[in-house]
Structures are given as C-alpha cells and as structure tokens.
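Computed from the coordinates by the stated procedures, all read-outs in this text should not be read as laboratory data. Since we're looking at a predicted model, the values are computed, not measured. Using ideal geometry, Cβ is built from the backbone for each residue, glycine included, and neighbour counts are taken over all protein chains shown.
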Amino acid sequence: MTDGTNGGTVAHFREPETGRIGGDGPGIAYLDWGGDGFPLVVLHPNGFCAGMYHPLAARLADGFRLVGVDLRGHGASETVTDGALLGNDAMAGDVLDVVDHLGIDGFAMLGVSLGGGVAAVVAAEAPDRVRSLVLCEAIAIDPGERERLGVPFGDGESPLVAGARRRRRVWDDRATVVASYGSRAPLDALDPEVLAAYVRWGFVDRPDGRIELACDPETEATIFGTSRPHGPIYSFERLADVRCPSSVLYGSRTDLSSEWFDAQAEVLGVEPQVVDGGHFLLFEDLDRADRLIRRALG
C-alpha cells in the first residue's frame, strides 16, 4: 500500500497501534496512527470500520495524529445488535472514552455518514475539547425532514435495512471480497486503497480459514432503521450546541437529500461545500480528500 502524501512518501509512516477499552459498556476498539501533529479523530460510516482511513492517515501523517474509533458494533469493537444500545449519544460517549484513555485533551473531528452524526454529538458534548469539526454527508436530519428519510415503507423494511440484512457474512478470502465489492455500486466508487483497507480491517479470520464480516449485518440494519433512540434527528438537534469552527461537505451526486446538509450548514452558520462525487466522496479520491481535510482544518 502506498504511504504517500501530496504525491510523495511519508518516511516514518507506520502501522497503527491497536487498542480496546472496556469499562461499563461494550468493548470499543481504536486505531492510533501516532505522530506529532494535532490529534484528528475520524469516524466511519455505518457498516464500515476505522481501518478504512488507513490510506488517508498515510497522506495526513505529516500534519495530524489520526485516531480512528470503531463505533460500537463495528470493526474490532464488541458486537452490539440491541437498538437500545446503538444510539449516537452512546457512541459519542465511547469516542470520548477513547480519547480520555489516550490522554488526548483537544482534538479535531471528522465524521462521514453515521460517523458525522456521532461526531456532531461529540462536539456538542465536549465544546471545550473539540477544536474543529468536519461533517461529510453526515446523517443528522432536521425533524421536519423525517418523512424524507426513505426508511419507512408501510409495514415493510426500507431498502437499506433489507439490504443490510442480506449482506453475505462469510467469504473464502479477502481477495474475493475486494473483487466482488469493487465491481458493484456503491463500493465500486471507493479508491482501491480504501476498499483494500476496509476489507483488511472490516473482516475477521475464522478458524476454518475463511473470513467473516466484523460488523454484524443486524447492527447495520438496526442503525439504518427508525426505531433506534438518539439517532439522526437527535444529532441534528445537538448541532445547535456545537461551538467550534465547522465544515459541511456533501456530494454533487449524493443519493440523499441535499436539504439535509444545507440545513446542517444553516444551523452551524457556514456555507455548505458541494464536492463532485457521491455519498462516499471523501473516499473516492484520496489526493482530493487530503486537500479537503487540510483546508477544512486550517
């Protein structure tokens, strides 16, 4: 994997340190890429994992210390399928527990999709610690837009929920997953380095030699549902409590409502930035993502 930044190489970029904290809640895993730069805590979309940020950590290593948290139920964190335990408030508490464990005081935050919704809550809960916030296609929705969620379809499941529950759990090997995921939407839009990093950290080895999804499909489906407490609407309501400089990014070809992101920007008092791309725009072009993040964080 290329350890490049701005077209060059990072001489001292290394593999991240892995860790896991316990406490009263489920075990929460994290990756710490180290470095002497300002701490940047990164949060991933639903169904993914912190490891997908590995290629970006390589590019940003000269200016930031990236720490990625596997949100509860994801990656190497403990499996959680109970919707009552999957609120954005609980996940935000996990993030703060991780940075406390690492002895980090002030830090910046970057969240994509679900990670953006959680990052907004972290920034609201810890205004004296979160110095800047970047929301990329964050799932934080104005209550007035609830009917636009596209989740409730009568008594049936939404396509997102149904699709998550149909996800294939067990595969022969990682190469097969990369070939399959990389050939169909929406993951075919991911930069190959990001896809490889996700498959590396987002699957676990089985005793029989095969591999299995780290995130239980039921976890992903539950988060996509509407019955989970403290979900997208809660995150939107907490935006009013955010005090740090913030940025709102969304894709020109997003399959979500641009009105969601315009409303976020209005509450935060910023102009939204529309970027050529889809929902995973930050992971489609790594050089562009490097520039976007550096610009947003000053």
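Some observations on this one:
- Each peptide in 85-95, 201-211, 49-59 was scored by the mean count of other Cβ atoms within 10 Å over its residues; highest first, the order is 49-59, 85-95, 201-211.
- Here S227, S77, S235, S257 are placed in order of increasing Cβ neighbour count within 10 Å, fewest first, which gives S227, S257, S77, S235.
- Residues F283, F224, arranged from fewest to most other Cβ atoms within 10 angstrom of their Cβ, appear as F224, F283.
- Scattering curve values for the range 156-216, log₁₀ I(q)/I(0), Debye with Cα scatterers, q = 0.17, 0.19, 0.20, 0.30 Å⁻¹: -0.61, -0.74, -0.81, -1.30
- Segment T81-D262, length gained on full extension (0.36 nm per residue, minus Cα span): 62.0 nm
- Alpha-carbon centroids, the range 182-209 and the range 219-298: separation in whole Å: 23
- Computed with the Debye formula from one identical point scatterer per Cα of the range 180-276, without solvent, the log10 of I(q)/I(0) at q = 0.22 Å⁻¹ comes to -1.19.
- Three-way shape label, the range 1-133, alpha-carbon gyration tensor, a/c 1.5: prolate
- Rounded is the label for the chain. Its Cα gyration tensor axes, ordered a ≥ b ≥ c, give a/c under 1.5.
- Estimated FRET transfer efficiency (E145, D173; beta-carbon r; R0 35 Å; 0.05): 0.25
- Near the amide H of G27, within less than 5 Å, lie the amide hydrogens of E78, all on another chain or at least 5 residues away, with H placed in the peptide plane.
- Per-residue packing, averaged as other Cβ atoms within 10 Å, sorts the ranges 108-119, 166-177 into the order 108-119, 166-177, beginning with the highest.
- Likely footprinting exposure, Y30, Y234, fewest C-beta neighbours within 10 Å first: Y234, Y30
- Spin-label pair R291/D241, simplified geometry with 7 Å Cα→Cβ offset, distance in nm: 3.7
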